[in-house]
Amino acid sequence: MCSATLPHPASGKRPLSPRWFLLLAALLLLYGLDYAPLWNPDEGRYASAALEMAQPFNGAAPDWIVPHLNTIPRINKPPLVYWLGAIFYRILGVSEASTRLVSALAAIVVMLTVWQLGHAMFSERAGIASALVWSTSVFPFIMAHSFNTDMLLCCAITLTFCGLWFVFEGTSKENDKAPWLSSYVLTGIGMGLALLSKGPVGIVLPLAITFVYACWAKRWNAVQWYGVGVAIALALLLALPWYWAVSLRVPNFLSTFLLQENLARFSGAKEFHRSKPVFYYVPILLAGLFPWTAFLGSAVARLRDQASISAQQRARLFLWLWSALLILFFSLSKVKLVSYILPAFPAVVLLAGDALMGGDALRENQAHQTFPHRMALAATALLYLLLMIGLPIAFLNEQLTLFGHLKKLPGNAIVPITEALPYIADICIVLAIGTLFLVWCWRTRNTWRLMLAQFATAAFLLVILLNLAGRIAIYEDASGLVKALQPHLKTGDQFIVYQGFQPASVFYLRQPVISIEYTQNSGLDEAAMVHSLVFLPADAKSLPQLLENPHRVYILLARKNDLGRTLQSPHYTVASCNDFLIISNYPAPPGLHYNFVAPRNRDL
């Protein structure tokens, strides 16, 4: 195995351990958690339900069994995300940063698990490289800065696969009983957390994929069956108490949860989202791995590498099955969401880390670049150059004729060009420096320098993109409007969402929000909605009637409904953004100035 420290000159200076870069990667995942108001609808749903669990409305007792959103039970997802969010609110206070800290910490646990798996499967540096790829790939970084169940599920599945790998390939019970037993314990903990994160899919997929691996690699003799019993018992011990408790409160919970939220989603028996093509996840995987995408080709090339020892060949088989079968499963599902394939990324980054470091071939002072490495370098440099050309064109132009067709571009439609330009300039500068780094790595043929150069380039790009996303959020999402309004609300004021429901409003206002004419898609209990005082039918009150209220009323509208433009009743626009506006029967309170509308109409 290669050294755990960087090579050092003959001056006698103490070498720098590459493990310090894991600390930098962790800090990157924790950076800027308050970069933007909570995004609707997903972040708003989970954060508002977690807040209602931590701080129930009207002084009610906390309900840690049945999560509620806007006072309505929401049990379409298990409670782990709500529990952790509520605990963080009580310890750290209520903010966007404490909300997203749940996902960020889960991403750090995945990073550390990837490091340990890469170390065990290939080498110390391969593990570190894989961890750095994980923390600086676009998709994992985005999900680490988004509050939902997906990063928690990814963490649980990664722990499960880690335990299962050590079950098959770790220390045998005859040689060392403690590590052998800990593998089953880790597997059980991972499966239990998966059950509490999203449901049975977090157990069924890892066990099914590992079954395929055991048959393919002929590793059944490594399994100790009473250890499997320990893992299953531990998983049930962690998860079943909540399933039992909520079933006592909601008698039809299990049938609704298992049939509608799992089987119906997969089979398409109930339409949750528009249908997507079977290859939907291929571009998501390739784009989500940026800027490391080209190095996945090196991992493919290693499939034919016969110089590796058999243990490393089995490790690559395990990782390919983990990633490919999981993506195949969700590709066959009728309901496809971008976040579903996040649990495949730990396996993909492990393959990329192995390919980057070349397994055990790298020594302290040995450069290691094969032909696939150099092709990946060239492809990445070319991609950087294309982005340096394409990003300014996309953001600085409103339309472009391409192959004889007129294409509308986002310039001035999302944020004003004057605001986007500094970010685009910074991105282009970082891409230019990154390209120079790649040329330098091509000439020196030093793989570790390549690793660090790519890490630095990716880190700066992600920081800039995160800040740009925060700017876009205040122009695009309704959360910014509600957050700006909240300090100006007074006792007796009413807040209403007309023809929709923006769940983050509950989080920012710290109170139930009245919604009129809302089509249910938040996993709320429909029977409770019918009898509620917060979700009202379309004929409850018209918009002019709401504005005739003698008390101050604020109404959140989506611009696409065009109601604000055609409304004849006297009203005032108190806050607005690209897609939403808040109108009132009174002028805007003093000090409320919120008008973030891009200068170009996107329908132009």
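The values are calculated or read from the model by the stated rules, or taken from the named source; none is laboratory data. Please read these numbers as outputs of a predicted model, since none were measured by experiment. No Cβ is skipped: glycine too gets one built from the backbone with ideal geometry, and neighbour counts run over all protein chains shown.
Using the structure shown, decide if residue 494 is touching a residue at least 40 places away in the same chain (Cβ under 8 Å), under 24 Å from residue 77 (Cα atoms) and among the polar types (S, T, N, Q).
Values: touching a residue at least 40 places away in the same chain (Cβ under 8 Å): yes; under 24 Å from residue 77 (Cα atoms): no; among the polar types (S, T, N, Q): yes.
In short, no.
Quick one: residue 516 ticks every box in (1) at pLDDT 95 or above; (2) under 26 Å from residue 596 (Cβ atoms); (3) among the hydrophobic types (A, V, I, L, M, F, W, C) except a single one, so which number is it?
(1)
Residue 474 versus (1) under 30 Å from residue 381 (Cα atoms); (2) out of contact with any Leu (no Cβ under 8 Å at 6 or more places or on another chain): which is the lone unmet condition?
(1)
Given the condition touching a Cys at 6+ places or on another chain (Cβ under 6 Å), in a helix (DSSP H, G or I), at pLDDT below 95 and over 24 Å from residue 145 (Cβ atoms), answer yes or no: does some residue in the stretch 438-450 qualify?
Yes, that holds for at least one residue.
Conditions tested, residue by residue: (1) hydrophobic (A, V, I, L, M, F, W, C); (2) modelled with pLDDT under 85; (3) assigned to a loop (DSSP other than H, G, I, E, B).
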{"residue": "527", "(1), (2), (3)": "yes, yes, no"}
{"residue": "565", "(1), (2), (3)": "no, yes, no"}
{"residue": "570", "(1), (2), (3)": "no, yes, yes"}
{"residue": "588", "(1), (2), (3)": "yes, no, yes"}
{"residue": "600", "(1), (2), (3)": "no, yes, yes"}
{"residue": "603", "(1), (2), (3)": "no, yes, yes"}
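For the stretch 500-530, name all the residues that are farther than 27 Å from residue 252 by Cα and touching a Gly at 6+ places or on another chain (Cβ under 7 Å).
Passing the criteria: 502, 504, 507.
Is it the case that some residue within the stretch 57-77 is hydroxyl-bearing (Ser, Thr, Tyr) and modelled with pLDDT of 95 or more?
no
What number of residues within the stretch 188-208 satisfy the criterion of being assigned to a helix (DSSP H, G or I), under 12 Å from residue 236 (Cα atoms) and over 18 Å from the mean Cα position of the chain (by Cα)?
7
Take the residues in the stretch 177-194 that are surrounded by 14 or more Cβ atoms within 10 Å (Cβ to Cβ) and not hydrophobic (A, V, I, L, M, F, W, C); name whichever of them is farthest from residue 325 (Cα to Cα).
Selected residue: 182.
Write out, first by first residue and then by second, each pair whose Cβ atoms fall under 7 Å of each other, whose residues are 6+ apart or on separate chains, and whose first residue, in the stretch 185-196, is within 15 Å of residue 106 (Cα to Cα) and not assigned by TED's automatic domain parsing to the domain that holds residue 110 while the second is at pLDDT below 95 and acidic (Asp, Glu).
Taking only residues 6 or more apart or on different chains, not a single pair turns up.
Out of 259, 285, I need the residue that is of a type in the set (A, V, I, L, M) and modelled with pLDDT under 70. Which one? Reasoning before the result, please.
Working: 285 fails: modelled with pLDDT under 70.
Among 259, 285, only 259 is of a type in the set (A, V, I, L, M) and modelled with pLDDT under 70.
Restricting the stretch 300-314 to residues that are touching a Gly at 6+ places or on another chain (Cβ under 9 Å) and part of a helix (DSSP H, G or I), which is modelled with the lowest pLDDT?
In the first step, residues of the stretch 300-314 are kept if they are touching a Gly at 6+ places or on another chain (Cβ under 9 Å); the result is 302, 305, 307-309, 312.
Remaining after also requiring part of a helix (DSSP H, G or I): 302, 312.
Numbers: 302: 71, 312: 83.
Result: 302.
Please specify each residue of the stretch 319-338 satisfying the condition of being assigned to a loop (DSSP other than H, G, I, E, B) and of a type outside the set (Ser, Thr, Tyr). Please lay out each step first, then the result.
Filtering the stretch 319-338 down to residues assigned to a loop (DSSP other than H, G, I, E, B) leaves 333-337.
Of everything in the stretch 319-338, those that are assigned to a loop (DSSP other than H, G, I, E, B) and of a type outside the set (Ser, Thr, Tyr) turn out to be 334, 335, 336, 337.
For the stretch 52-85, which positions are more than 16 Å from residue 146 (Cα to Cα), touching a residue at least 12 places away in the same chain (Cβ under 8 Å) and among the hydrophobic types (A, V, I, L, M, F, W, C)?
53, 54, 57, 64, 65, 66, 69, 72, 75, 83
Which of the residues belonging to the stretch 131-148 are crowded, with 23+ Cβ neighbours inside 10 Å and at pLDDT below 95?
Passing the criteria: none in range.
Applying the selection to the stretch 86-115, what residues are of a type outside the set (Ser, Thr, Tyr), touching a residue at least 40 places away in the same chain (Cβ under 8 Å) and not in a helix (DSSP H, G or I)?
94
Restricting attention to the stretch 195-221, report how many residues are polar (S, T, N, Q) and surrounded by fewer than 17 Cβ atoms within 10 Å (Cβ to Cβ).
1
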